[in-house]
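The block underneath contains the structure these notes are about, expressed in structure tokens.
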Amino acid sequence: MSILGNRVQRREDPALLRGDGRFVNGDDLPDAAVVRYVTSPVAHALLESIELEEARSAPGVLAVVSAAELGLADQGPVNPMLPTTMPRPLLARDRVRYVGEPIVAVVAETEAEAEDAAELVIVDYDFLDPVVEAADARRDDIVLHDEAGTNTAFHLELGEDPEFADCEVVVRQEVLNPRVAPAPIEPHVAAAWWEDDRLVLRAASQGVHPVRDVLAEVYELEHDQVRVIGADVGGGFGAKARPPAEVIVLGELSRRVGRPVRWFPDRSADMVGMGHGRAQHQRVEIGGSRDGRITAYRLTVLQDSGAYPSMGALLPFMTRMMLTGCYDLTDVAYRSDSVVTNTTPVGAYRGAGRPEAAAAIERAVDLFAAEVGLDPATVRRKNLLRSDAFPYQTPSGVTYDIGDYVGALDLLLEAANYEELRAEQGRRRAEGERLLLGLGLASYVEITALSGGSEYGSIELLDDGRFRIVTGSSPYGQGHYTTWAMLAAERLGVPMDRIEVVHGDTDVVPTGGITGGSRSVQIAGSAVVDATTKLVEAARERAADGLEAAVEDVVLDTTTGRFHVVGAPSVWVGWDRLAANVDIPLAGVSDWSADGPTFPFGAHLAVVEVDVDTGGVRLRRLVAVDDAGTIINPLIADGQVHGGLAQGAAQALLEEFRYDEDGNPITANLADYAAISAAELPSFERIPMETPTPMNTLGAKGIGESGTIGATPAVQNAVVDALAHLGIRHIDMPCTPERVWQAIRSATS
């Protein structure tokens, strides 16, 4: 019986539940000194002077370093599409551009001594007017990077102006996709030291090899002169994909003090230091006929990139790719500008540009449905791409692999008893209840494994009959230990407990990429399958010698793990015998490349209750159909979707990182920043659906970000739907009680 497709318990969890996880801040580095950074308390200022002597003479201090002494080059653009005229210094030089930007590094014996010494650093600021809002930044009245001469870091356009004049109905709406903080349980942490002339870094990271490559470039070292180690990671969501400046500097600090150094910021420092997400200002324009057919769509995006353009500035590129979502739209246009502001730099956050595209088109479809007086489900069904359209090339030049968008919507509506919910909504309104019901739909498609590329995977038969998988992918909650073992065990015919999985060490794993963009199963998983197939073929040859048979006559019975001649299973050779009798180890190695990206899809329904008197919103149900092709382990897939649903609902209802007019963060801790908890969430209802993709041997697509992409607009649409009969057309995210109450008050006064 096949193990694939079964709800196999995660192998990773027991150690984590017992407190036996291997995290950076729990590693045994008894001689490690502590690093603290003096960061800017102002959003925009010139650095007139920095006085370090008093801090250097403080008890326990080993080093105090500013940009003048650091001697490391500035960070250039992370992508050639970004300008070279907006570099980021590792420590602020001449000017600070956001609250939380590191200026001085303090190294001391203990945490308390480092903090005390940091308070003795005196920085003289010449205050400059801050640019906090993206709309202000685009005007270039105040330029943040003088060499650039502009605050615009990235611009995109697609298509001509749609023919809105030919539409019977046109709706236009400004839409905010708010800035959010990733806020993982574990902040950015790292430790660095030198072994002879080799730099060693242990970091909470989404991929050790990209970190190694950055360090090698900064320190002008060969790749084999840098070792990066990663183990357990307490959440990443995209924010730990690249090493921040504070991590890169650790190698130089360790070299100066001649011993290991460790950096572990507190929550407030991490909230303003770790890259934020989303932060898009959108204008949607949608038009069509009164029978519900959409014929024209335009999206205009203003992307807040924060103080330095990094991956956040490129989010509109992914938004453009997924511009039209699941819909059969051809008359479309897109324009985006990414600008720098005096705020924390924006980076990739779960979905990275694709949730923004889905939020825009799904909000637009609901606005259009309300304008023509049709149910949002009816409008979606009328405009969704049909299953015979695939492969389908979108107006933005992306080719969707395969899908059944109408089937996903119909499955969702049936499972949720949609018509009964509409009837209940109508009854509450008719009876004048103060607790109103809202239904929110979202049909979505996303792109996974966008970056493509290859991934390393190998499997070796050890001399004790066990197997070792070495993978270039670095898990941080995705369940790779379990999934890779399942894929190999299925093809080897052995129990999963005979297979170990090794990752996250550049001295052990030859190559690897970033675990992000929901690429792992379809690329790294395929590499494991390919390597296992090669191992089995090599083992067949060895078994054929023992069986004194031709290789082509030998088969592996994957129910028993035994090799035998076809038709003669009573005489066999098992893996233990092969392990004991080979002088040359048996192994399979793969560097598997993807044929192209894949496009998971689905449909979500949110059911909310809105209190008319207080504006309070309760999420009552969240029903999700998420099709990610072949599912290896439904239990792990459910967990990935559930986490995404929680984050999507959080953005729709609670989360927003905010600044005052001077660029001061006002949500810099978990008392002020409303991270969601189990108390605000229902038990999610997940409806399985599988449409295998032809793009890889597993038929698998990514699923790590799907929940986030569909849930956000579904919940927002539900809140607006609850109040639509009051004349309320739109409420920006997050739909907080205050924002909802203000909308009700404006509509009823």
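The values are calculated or read from the model by the stated rules, or taken from the named source; none is laboratory data. Worth saying up front: this structure is predicted, and the values here are computed from it rather than measured. Note that each Cβ is placed from the backbone with ideal geometry, even for glycine, and that neighbours are counted across all protein chains shown. SASA here: full protein model, heavy atoms, side chains in, ligands and nucleic acids out. Shrake-Rupley method; radii C 1.70, N 1.55, O 1.52, S 1.80 Å.
I'd like to check something: does segment 638-651 contain any residue that is closer than 20 Å to His281 by Cα and open to solvent by 10 Å² or more (accessible area, probe 1.4 Å)? Yes - at least one qualifying residue is present in segment 638-651. Annotation: of all residues in segment 331-348 being open to solvent by 10 Å² or more (accessible area, probe 1.4 Å) and not in a strand (DSSP E or B), the one that is farthest from Asp141 (Cα to Cα) is Ala348. Identification of helices (runs of 4 or more DSSP H) wholly contained in segment 46-138 with 1 or more residues that are in contact with a His (Cβ under 7 Å, 6 or more places away or on another chain) yields 134-138. Give the residue that is modelled with the highest pLDDT, with candidates limited to residues of segment 90-108 that are over 14 Å from Gly306 (Cα atoms) and open to solvent by 10 Å² or more (accessible area, probe 1.4 Å). Per the stated criteria, the residue is Arg95.
Filtering segment 285-306 down to residues that are closer than 11 Å to Phe164 by Cα and among the hydrophobic types (A, V, I, L, M, F, W, C), which residue is surrounded by the fewest Cβ atoms within 10 Å (Cβ to Cβ)? So, considering only residues that are closer than 11 Å to Phe164 by Cα and among the hydrophobic types (A, V, I, L, M, F, W, C), the one surrounded by the fewest Cβ atoms within 10 Å (Cβ to Cβ) is Ala296. Sub-7 Å Cβ pairs linking a first residue in segment 116-139 that is in contact (Cβ under 8 Å) with a residue 40 or more places away in the chain to a second residue that is open to solvent by 30 Å² or more (accessible area, probe 1.4 Å) and part of a loop (DSSP other than H, G, I, E, B), at least 6 apart or interchain, are Asp129/Ile142; Pro130/Asp662; Val131/Ile142; Val132/Glu661, ordered by first then second residue. Within segment 176-197, being closer than 21 Å to Arg259 by Cβ and of a type in the set (A, V, I, L, M) holds for Val189, Ala190, Ala191, Ala192.
Listed here are the residues, each with its yes/no results for (1) surrounded by fewer than 18 Cβ atoms within 10 Å (Cβ to Cβ); (2) farther than 24 Å from Ala668 by Cα.
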position: Leu158; (1), (2): yes, yes
position: Arg179; (1), (2): no, no
position: Pro187; (1), (2): no, no
position: His209; (1), (2): no, yes
position: Arg212; (1), (2): no, yes
position: His223; (1), (2): yes, yes
position: Val228; (1), (2): no, yes
position: Gly235; (1), (2): yes, no
